[in-house]
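The block underneath contains the structure these notes are about, expressed in structure tokens.
The values are calculated or read from the model by the stated rules, or taken from the named source; none is laboratory data. The structure presented is a predicted model; accordingly, all values stated were derived computationally and were not measured. Ideal geometry is used to build each Cβ from the backbone, glycine not excepted, and the neighbour counts take in all protein chains shown.
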Amino acid sequence: MDFSLTEHQEILRSSAREFLEVECPTSLVRAVEESLDGHAPDLWRKMAALGWLGISLPEQYGGTGGSLTDQTVLFEEIGRALTPGPLLTSSVLAAQVVLNAGSDSQKANLIPGAVSGDVILTIARGDRLETAANNGGLTLSGESSFVPYAGTANHIICVTRPAIGAWPDTTLALVDTQANGVSMTAMDSIANYPQFMVEFDDVLLSGEAVLGEVAEGRPALNLAVQRATVIQCAETLGRAQRVLEMVVEYAGHRVAFGRPIGSFQAVQHRCADLRVAVDGGRMLTYQAAWKLDQGLPANDEVSFAKAQAGMLSRLATETGHTIFAGISFTTEHDMQLYSARAKIAEASLGDTEYHLDQLAAGMQP
């Protein structure tokens, strides 16, 4: 396996970095953090115009038909710039669920809108969502916590469990956020990350609301989660890489005891440890992306990458706050922007302990 980037991917990386340095400064990140919906519509439209929202979606639905590795390259830069908005939720996780499970008409109705940015999708995976048959359709009831960007989304893909006496497995149901019986409440979150408690009070859905077949949604969901997990690892890599650049630059000119602190071995070792962790995380993330691009089983590779990403995010946070010292804990300093988002990402799509458990379970005889 050759993990060096192609010429196309190098151009993608450099052009994305140039674009985000201009269009997504930390001043914008801070402004969006203080907003109610955690979304930057102008930036969202510009990214859609560049084809970023559909970079790995088929050309027949308006995407660019790129690989997961292409998307990984892009999302490293998105993570590095702390780019706000529902990119991972809508353009990766939810869009892949539709692509994997949806009918031809469902794909044609939803994916072009997701690519253009006109449609925002999210996903609710609460254990308390139930569906029951109802005159050729479904009745959805229950609630789901921590649904990202529900207040901005047009549709929610609900991962539902059967009601008593119904089907034995997962059903994926598409719900309009404006439908009768749908209500949502904003939840407190670090960095004001937009997540909601969404309640479904006997919401009536037609049979066409089911993505795929009733009780057969688990394989499509699992594949989408795998791809989204790899992309989240790429975001973590980008953030950690930027923290490394920041602390190395700072250590080079911050003077203590008559010389730059970068000349002290303790500081050098911290920077070196972070560099090793970033490079290791990059290797694992691109290996997982490559295997998924090849259609190969990648359960272990995805868990390796996510476990390493979780440890990397902790190390980057510790290194940044240690070298920058007290000022980095103030809201005026950029370091706290990176550490807050590292905590959000680590807890999403399975934390380090979860993925280590998955790896351990796979080694059982």
Quick one: SER56 ticks every box in (1) within 17 Å of the chain's Cα centre (by Cα); (2) assigned to a helix (DSSP H, G or I) bar one, so which box is it? (2)
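Let's see how each residue does on (1) crowded, with 23+ Cβ neighbours inside 10 Å; (2) in contact (Cβ under 8 Å) with a residue 24 or more places away in the chain; (3) under 22 Å from the mean Cα position of the chain (by Cα); (4) closer than 18 Å to ALA224 by Cβ:
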site: ASP127; (1), (2), (3), (4): no, yes, yes, no
site: THR152; (1), (2), (3), (4): no, yes, yes, no
site: HIS155; (1), (2), (3), (4): yes, yes, yes, yes
site: VAL159; (1), (2), (3), (4): no, yes, yes, yes
site: ASN192; (1), (2), (3), (4): no, yes, yes, no
Sort out which residues of segment 1-58 are surrounded by 19 or more Cβ atoms within 10 Å (Cβ to Cβ) and under 18 Å from ALA289 (Cβ atoms), and write them in order of number. LEU12, ALA16, TRP52, GLY54, ILE55, SER56, LEU57
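Here is a check on your reading of the model: is VAL276 β-branched (Val, Ile, Thr) and crowded, with 22+ Cβ neighbours inside 10 Å? Even if it seems obvious, please write down each step before you answer.
Numbers: β-branched (Val, Ile, Thr): yes; crowded, with 22+ Cβ neighbours inside 10 Å: no.
For VAL276, the condition - β-branched (Val, Ile, Thr) and crowded, with 22+ Cβ neighbours inside 10 Å - is not met.
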Residues satisfying the stated conditions in segment 231-245, i.e. buried (at least 19 other Cβ atoms within 10 Å of the Cβ) and within 13 Å of ALA81 (Cα to Cα): ALA234, GLU235, THR236, LEU237, GLY238, ARG239, ALA240, GLN241, ARG242, VAL243
Please count how many residues of segment 194-213 are free of Cβ contacts under 8 Å to residues at least 60 places away in the same chain and either within 23 Å of ALA288 (Cβ to Cβ) or surrounded by 15 or more Cβ atoms within 10 Å (Cβ to Cβ) (or both). 4
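Here is a yes/no grid of residues against (1) surrounded by fewer than 21 Cβ atoms within 10 Å (Cβ to Cβ); (2) in contact with a helix residue (DSSP H, G or I) (Cβ under 7 Å, 6 or more places away or on another chain); (3) closer than 27 Å to GLN364 by Cβ:
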position	(1), (2), (3)
GLY252	yes, yes, no
CYS271	yes, yes, no
ARG282	no, yes, no
ALA288	no, yes, yes
ASP293	yes, yes, no
ALA307	no, yes, yes
SER328	no, yes, no
LEU337	yes, yes, no
ALA340	yes, yes, no
Within the bounds of segment 190-213, is there any residue that is at pLDDT below 95, part of a loop (DSSP other than H, G, I, E, B) and under 18 Å from ARG128 (Cα atoms)? no
For segment 342-365, give me each residue that is within 20 Å of ARG275 (Cα to Cα), surrounded by fewer than 20 Cβ atoms within 10 Å (Cβ to Cβ) and of a type outside the set (Lys, Arg). THR352
Six or more apart or on different chains, Cβ atoms under 9 Å: show the pairs whose first residue is in segment 33-57 and free of Cβ contacts under 8 Å to residues at least 12 places away in the same chain and whose second is acidic (Asp, Glu). ASP42/GLU23
Give me the strands (runs of 3 or more DSSP E) completely within segment 82-172, filtered to those with at least 3 residues that are modelled with pLDDT of 90 or more and touching a helix residue (DSSP H, G or I) at 6+ places or on another chain (Cβ under 8 Å), ordered by residue number. 121-124, 155-162
